[in-house]
Amino acid sequence: MAAILKVENLAERKRALAEESELYRQMLHVQIRNAQLYSLSVREKFRGFNKTNPLLMLAVPLLIRFIRGSLVKRSSPFGKFRVFGTVMAVLPVARRILPVIFKFVARQRSKKRAQREMDAESAAAAI
C-alpha cells in the first residue's frame with residue numbers, strides 16, 4: 001500500500017515538474033521576445049548616430065580638439081593661432097553642412113505641424 005502511494009506521489013511530482021518546466025519555457029520565449037524588441041528600439045533611437053551623419057562628422061573632430069586643447073597647457077604663445085586654425089578648418093565644412101541641417105529641422109517642424117493638425121481634426125471629428 002505504501003509503495004502505491006509512493007508511486008502516485010512520484011507521478012504527481014513528475015507532472016508538477018513538467019508543468020513548471022513548460023511555464024519556464026514560455027517565460028523564456030517572452031523574455032527573448034522582449035530583448036529583441038528592446039534591441040530594435042535602441043537601434044531606432046540611435047539610428048541618427050551613424051557614419052554618414054554630418055553633425056557627427058563635424059562634432060567629433062571639434063570635441064577631440066577641445067579635449068586635447070584642454071589637456072595642453074595654455075602658456076603657449078601660439079594658442080590663439082591654434083583656435084584660429086581650428087575655426088578656419090571647420091568653417092568650410094560648416095558652410096556645407098548647415099543648409100542640410102536647416103532643411104532637416106524645417107522638415108521635422110512641418111511634419112510635427114501636420115501631425116498636430118491631423119490630431120486636432122480627428123479630435124474635432126470625434127466630438
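Every number here is computed from the coordinates shown, using simple stated rules; none is lab data. As the structure is a prediction and not an experimental result, all values here were calculated from the model. Using ideal geometry, Cβ is built from the backbone for each residue, glycine included, and neighbour counts are taken over all protein chains shown.
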Find out how many positive minus negative residues lie around Glu20, taking Lys and Arg as positive, Asp and Glu as negative, among other residues whose Cβ is under 15 Å from that of Glu20.
+1
In whole angstrom, and with the biggest value first, how far do the Cα coordinates of the range 1-47 range along each principal axis?
69, 8, 5
